[in-house]
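Every number in this text was worked out from the coordinates using simple rules, so none of it is lab data. All figures in this text were calculated on a predicted structure; none of them were measured in a lab. Heads up, the Cβs are rebuilt from the backbone with ideal geometry, glycines too, and the neighbour counts pull from every protein chain shown.
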Amino acid sequence: MEITTESERRQLESCELVDNQVKEDERMETLVGEIKDIFASLGDGNFSPTAYDTAWVARIPSIEDPRKPQFPSTIEWITKNQMEDGSWGDHYFFMVDRLISTLSCVITLKLWKHDDGHINKGIQFLQTHLQDLDYDKGLGRTIGFEILFPSLLNEAKSLGLDLPYELSYMKHISKLREKKMSRIPLEMLHSVRTTLLFSLEGIQDLVQWNIIMKLQSQNGSFSDSPAATAAAYLNTRDKKCLEYLTYVVSRFQDHAILACPMDNFERIWMVDTIERLGIEHFFREEISNTLDYLYRHLRKDGMTWGRDAYIADIDDTSMALRLFRLHGYPVSSDVLELYKDDDNSFIEWSLRNPWKITPPWIGVREYIDNYGDKDVWIGKCLYRGYNINNSKYLELAKLEYNKLQVLHKREINSIQQWWKSCGFDDPKITQVNPQNIHFSICVTMYENKFSATRIAYTKCNSLENLLKDIFQNHESIEDLQLFSRAINEWKPSLITTLPASLQRVFRGVYETMNELAIKANSIQGKDGLLYLHDLRKLQVQEYLNIRQFKDANHFECLEEYVEQVKRGLGISIRLLPAMFLMEGVLQEKALQYLDPRSKMHEQSAFILALLNPVIEDWTAVSIYMNKYNCSKEDAIGYIENKIDDAFAELTHEYLKPSNHALDSCRRLIFEHVRITRFYLDRVGNDQFDEVMKRAYTPIP
């Protein structure tokens, strides 16, 4: 069919957009269902096979006939999974992974006198690439490589495998092992569970097996490691070790994984991934159930990678604590004290946390752009977490991000039309830019269900910034007093003698508040205008009082200045209309959060009041400098420390367990503080513009 008019062309494009959106919505629904199924199927951990561990398990001789393997399927797996170049390991070529995995497999096949073809190809790979282990080039290593690899080399040499044992690096790493082994207190090795148990197969020459067996885990393993447990069985023929290895092979049919179980590890990093990708709102119930599971396994010394493990680790502990805190579980960070080193700092753990000033949606975009659905993890060898790095998560995240982006653009278009209809697009009236404010709320309360909330928030904060500017800068106090009277009596007839600009502002405030009140009425079932007008009157009066006090130009101390700033923040009038337009009827307690006497309101006001002198107005800094005779840097440092302390208290108040029906209201108050910091830090500079541009760019 030939298109004859521009109207027909636009109609056709519109139909195509609708069809595409329907298809994308259907695909999203499918993905959500599939990811829910992943949550439902969580067990010991869905991880990739590791050739290194499989080769160790394949060494176990049959109980009935020691000349044969107990788990022949593992031998078959080894022979079927040799790479074209003769190596074993992950498909991602990481040299030390390929070398340790290949050497482990070659030794196992040699022990069973298997077909020389596979062995010879493996040896040829090792002969070619062992020279790449040049220590001076800083080649990356897997966990325990300096213990495990030399041990395998010694075994290979005893079996007569033709390898270049005289290479300088081979000698270097053997000496490195000897040096490290000499520092291991043998008494501790045999009496206390340490991370060395995970690499037990690499220190067999040091182990007194009759003593160390008391450190065996309840599930029969040593630190949930198939390789370490296989080594223990080969030296002891312990029945529980064999039961554990039998379970592993039965669970995964023909191979082993790095550790089993890794149920805690998988759940922690799966939830973290889904939240960082911005798709957590599809899985509220599943995430809640998963965190309940993890919370049951949290111990006094932290979190372990698996439910049966004895040794907690900093990575899983810190991430679990972060998730628990964000979801309101009562947890203490005291456990992190266990992971401090001699310098009183955290090992591989940074206390610098940009979370307090980083809006979630900006982090989502960054994470989507950098998330690898095929990323590998590093243990004794490389491995993959199929339920952590998953293409379905990434696909859903991209679809959701682009869908929300369209909605956000539609919102700002309607807001800009409203702003123009009020006559506020005239730079002589105001320099306030609603797009910046809308962007700030979009990157925090980004979900579809908060669309009306975002629009109301943007309108109210745009108007509040405009009113604040007018009361600070308009020359005539008498005009401002009349303006305040018109607001108090809610009578447009009182403004006829005011300048045109003030009349325009009054009408914009009047019409917008009436419009928001009508929308609030339909959701809340009560007259919202009564609440809004009371707040409006109080805040305008505060602006007028501040203007009169400012003209007096007298501040005795920093505290006095901060108290004045707090009165001019207008937190309640900025947030209440947005709260009214959240789904569901507001409980009375939600309104209490906006009472200036409430803890959340007081903390929020204190932080915002302190942010003002640090970022916008240097008056308070000067006051503090003069009173305490200190430098500008010291004054700013003092105020920033106060901000950090107050934000920590606000965060605690926000994240503590509460009625879930109130979560959205508490979140809005908290995010108002966070995005104000973000907005003040970045608006008007290239960084803010760049972040905004990127956020509004679709993800391919």
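Kirkwood's formula applied to the C-alpha pairs of the range 130-215 gives a hydrodynamic radius of 14.1 angstrom.
Using alpha-carbon pairs under 8 Å, 6+ residues apart, how would you state the relative contact order of the chain in percent?
Values: 846 pairs, mean separation 84.1, N = 700.
Rounded, it is 12 percent for the chain.
Panel order for T128, T676, T74, T304, by other beta carbons found within 10 Å of each beta carbon, from fewest to most: T128, T676, T304, T74.
Under 1.5 on a/c is rounded, so check that first for the range 262-389, then, if it is not, pick prolate when a/b is larger than b/c and oblate when it is not; a ≥ b ≥ c are the square roots of the alpha carbon gyration tensor eigenvalues.
Rounded is the answer for the range 262-389, as its axis ratio a/c remains below 1.5.
Centre-to-centre separation between the Cα atoms of the range 429-499 and those of the range 399-421: 20 Å.
Relative to the longest principal axis of the Cα atoms of the chain, the long axis of helix 477-489 makes an angle of roughly 80 degrees.
Compute the separation of the alpha-carbon centres of the range 505-560 and the range 617-678 and state it in Å as a whole number. Going from one Cα centre to the other spans 23 Å.
Computed per residue of the chain from DSSP H runs no shorter than four, each worth -39500 (n - 2.57), the mean residue ellipticity at 222 nm is -20000 deg cm²/dmol. Sorting the segments 307-316, 540-549, 378-387 by their mean number of nearby beta carbons within 10 angstrom, highest to lowest, gives 378-387, 307-316, 540-549. Counting only alpha carbon atoms, the long axis of helix 95-111 and the longest principal axis of the chain meet at about 30°. Length gained on full extension, K239 to T30, computed as 0.36 nm times the residue gap minus the Cα-Cα distance: 70.7 nm.
The value obtained for the range 67-120, namely the Cα convex hull volume divided by the number of residues, is 76 Å³ per residue. Legend: calculated FRET efficiency, Y386 to K80, from the Cβ-Cβ distance at R0 = 22 Å, rounded to 0.05, equals 0.70. Quick check: from the Cα gyration tensor, does the range 159-255 come out rounded (a/c under 1.5), prolate or oblate? Oblate, because a/c is 1.5 or more while a/b does not exceed b/c. Between T496 and D313, what is the FRET efficiency for a Förster distance of 60 Å, r being their Cβ-Cβ separation, to the nearest 0.05? About 0.25, to the nearest 0.05. Inter-part distance, the range 32-64 to the range 186-243, computed on C-alpha centroids, equals 21 Å.
Using R0 = 41 Å, the C-beta based FRET efficiency linking D19 and K300 works out to 0.10. For the range 51-252, relative contact order (Cα pairs under 8 Å, six or more residues apart, normalised by length) works out to 19 percent. The fraction of Cα-Cα pairs per 10 angstrom bin, counted from 0 for the range 491-634, comes to 10, 31, 30, 21, 8, 1 percent, rounded to whole percents. When peptides 146-158, 22-34 are ranked by their average number of other Cβ atoms within 10 Å per residue, the highest-first order is 146-158, 22-34. The angle separating the long axis of helix 619-628 from the principal Cα axis of greatest extent in the chain is about 80 degrees. Taking only alpha carbon atoms, the range 394-695 gives an Rg to Rh ratio of 0.96, where Rh is the Kirkwood radius. Shown for R694, R322, R674: other C-beta atoms within 10 Å of each C-beta, ranked fewest to most, produce the order R694, R322, R674. One quarter of the convex hull surface built on the alpha carbon atoms of the chain amounts to 40.9 nm², the projected area averaged over directions.
Put simply, when 214-224, 406-416 are sorted by average Cβ atoms within 10 angstrom per residue, most first, you get 214-224, 406-416.
Taking a ≥ b ≥ c as the square roots of the eigenvalues of the alpha-carbon gyration tensor, the range 51-252 is classed oblate because a/c is 1.5 or more while a/b is no larger than b/c.
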